[in-house]
Amino acid sequence: MQATSSQKIVVLEEEGVTLAQGFKAGGMHCGVKRKRLDLGYIVSEVPASVAGVYTTNIFQAAPLLVTQESIAKENKIQAILVNSGNANACTGEQGLKDAYAMQKQFAVQLGVKDHHVAVTSTGVIGELLPMEKIQAGISEILLEEYEAQDNFLQAILTTDTCVKHTAVQLQIDGKTISIGGAAKGSGMIHPNMATMLGFVTTDANVAHEDLLTALRDITNQTFNMITVDGDTSTNDMVLVMANGLAGNDQLTKDHPEWDTFVSGLKMVSESLAKKIARDGEGATKLVEVEVNGAFSKEAATVVGKSIISSNLVKTAIYGTDPNWGRIVTAAGYSGVPIEPNKIQVAIGPYKVFENGMPSVFVEEEVKKYMESENVKISVELNQGDFSATAWGCDLTYDYVKINASYRT
């Protein structure tokens, strides 16, 4: 537990989507996957204001289409149902029917409106859902034995090696506000909206339009700044549910403590994004690229993502090779008009490139630094006052092994 210095926000890394008042979660094994849990849920005591961001991949999976349609009816949901092991993507009309069937069955069990249930799936693309197994699971999923945040966290995983969750608490209008999050993602990570799957719950009372605006802006600074392999999934989605049970005055962008809430939401999102990047398939390191001195925020973002996405940079980091040439090359082909003779590059505390020329450094010292689990690359463009940070991971032999046999 820790409190930030700039805001009275307490970080609770062991907590997650069930910290906020009125939320419960759980998960079970229904048989989509051979042994691991594969069906999970989050439920709010009352309908919650909801905001979502979704993949820009033109092949959007059936659950995303159903969820977006449902949310559009009144911008509220009360539950989320998730299956892993099968993406229900590229499955045509039957895929849509199956997603609606999942939604309706869970809504009936909860006693809520159909469109108050969001559905989402993750896993293999192009295979129909085993609906008999899923429907049998849904009929039992609310049993007390399956109710546990860890069960939910396990149920949403595919190739992930660990669960990903975090939470914060803050004070607004004299009320304690909780914001908790959970995510899954390890491969097919190069979001152009969000991540593989992300779920955030809060008991704050928040106006829908302002919540959506905040989520979109935060997504661009967090989930959209990570990459593992350059692939944007068909199923990417982040949903935020705000049920208002904390009893604060409604938060809008004009509320005096709006920035405090947004800071808390960003902290949760950034923490989840970094955990996804660190858990990239086969990864051994979390890599952070910080770009400073750009002439615009967009320029800093583009340069940062160009470097973090470079397979040559990623393999050099895996091999602990301080090959600064790959870093400046990636910056150079980013499309941003930069001035080569002004750039400075550092790997950790070691300056390796300056003013168009290599710096003098002790290679053994830099290699030793690059053996750590967290590697930072700093790039100073010296063209302005804007900055951006991107996160990714190294590229290893295991990434190829995992994806070469993904369906088997």
What is the projected area of the convex hull of the Cα atoms of region 303-376, averaged over all directions, in nm²?
4.5
Largest-first semi-axes in Å of the equivalent ellipsoid built from the Cα gyration tensor of region 94-141 are 19, 12, 9
To the nearest 0.05, the calculated FRET efficiency linking residue 127 and residue 398 through their beta-carbon distance, R0 being 22 Å, is 0.35
Set the Förster radius R0 to 56 Å, insert the Cβ-Cβ distance between residue 221 and residue 139 as r into 1/(1 + (r/R0)^6), and round the FRET efficiency to 0.05.
0.85
Debye, to nearest 20: dipole size of region 336-395, +1 on Lys, Arg Cβ, -1 on Asp, Glu Cβ:
80
On a 0 to 90° scale, report how tilted helix 297-309 is relative to the longest principal axis of the chain, with both axes built from alpha carbons and the result rounded to the nearest 10.
90
Computed Rg/Rh of region 59-141, alpha carbon atoms with Kirkwood Rh
0.94
Go ahead and set up a Gaussian network model of the chain, Cα springs under 10 Å, then flag whichever of 129, 143, 12 fluctuates most.
143
At a 1.4 Å probe radius, which order do 385, 394 fall into by accessible area, largest first?
385, 394
Can you give the accessible area per residue of region 295-336, in Å², using a 1.4 Å probe?
40
Two-site label geometry, residue 329 and residue 295: point separation in nm, points 7 Å out along Cα→Cβ
2.6
On Cα atoms only, tilt of 131-140 relative to the major axis of the chain in degrees:
70
Determine the percent antiparallel among the DSSP beta bridges restricted to region 1-155, to the nearest 5.
70
quick shape note, region 136-184: Cα extents on principal axes in Å, largest first -> 45, 27, 13
A correct Stokes-Einstein calculation for region 1-158, using the alpha-carbon Kirkwood radius, 10 °C and 1.306 mPa s, returns a whole-number D in µm² s⁻¹ of 98
GNM flexibility winner over the chain from 266, 164, 73 (Cα, springs under 10 Å):
73
Quick check: the distance between the Cα centres of region 293-332 and region 107-185, to the nearest angstrom?
35
What are the extents of the Cα atoms of the chain along their three principal axes, listed from largest to smallest and rounded to whole Å?
68, 54, 35
Please report, in cubic angstrom per residue, the volume enclosed by the convex hull of the alpha-carbon atoms of region 249-335.
131
How would you rank 105-116, 150-161, 80-91, highest first, on the average number of other Cβ atoms within 10 Å across their residues?
80-91, 150-161, 105-116
Given the options 173, 254, 217, state which has the largest fluctuation in a GNM of the chain using a 10 Å cut-off (strictly under) for Cα springs.
254
Counting only helical runs of four or more DSSP H residues, what would the 222 nm mean residue ellipticity of the chain come to if each run contributes -39,500 (n - 2.57) and the total is spread over all its residues?
-10000 deg cm²/dmol
Are any of the pairs 253/297; 104/275; 351/401; 73/274; 76/253; 104/175 more than 30 Å apart by Cα-Cα distance, and if so, which?
104/275; 351/401; 73/274; 104/175
Contour minus Cα-Cα span, residue 97 to residue 373, at 0.36 nm per residue, comes to 94.9 nm
Rounded to the nearest 10 degrees, what's the angle between the helix 62-74 long axis and the longest principal axis of the chain, both from Cα atoms, 0 to 90?
70
So, relative contact order of region 343-408 in percent, Cα under 8 Å, 6 or more apart, is 30
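The values are calculated or read from the model by the stated rules, or taken from the named source; none is laboratory data. Treat the numbers as computed from the prediction; the structure is a model and nothing was measured. Cβ atoms come from the backbone with ideal geometry, glycine included; neighbour counts cover every protein chain shown. In case anyone asks, the SASA skips ligands and DNA or RNA and just uses the protein heavy atoms, side chains included. Shrake-Rupley method; radii C 1.70, N 1.55, O 1.52, S 1.80 Å.
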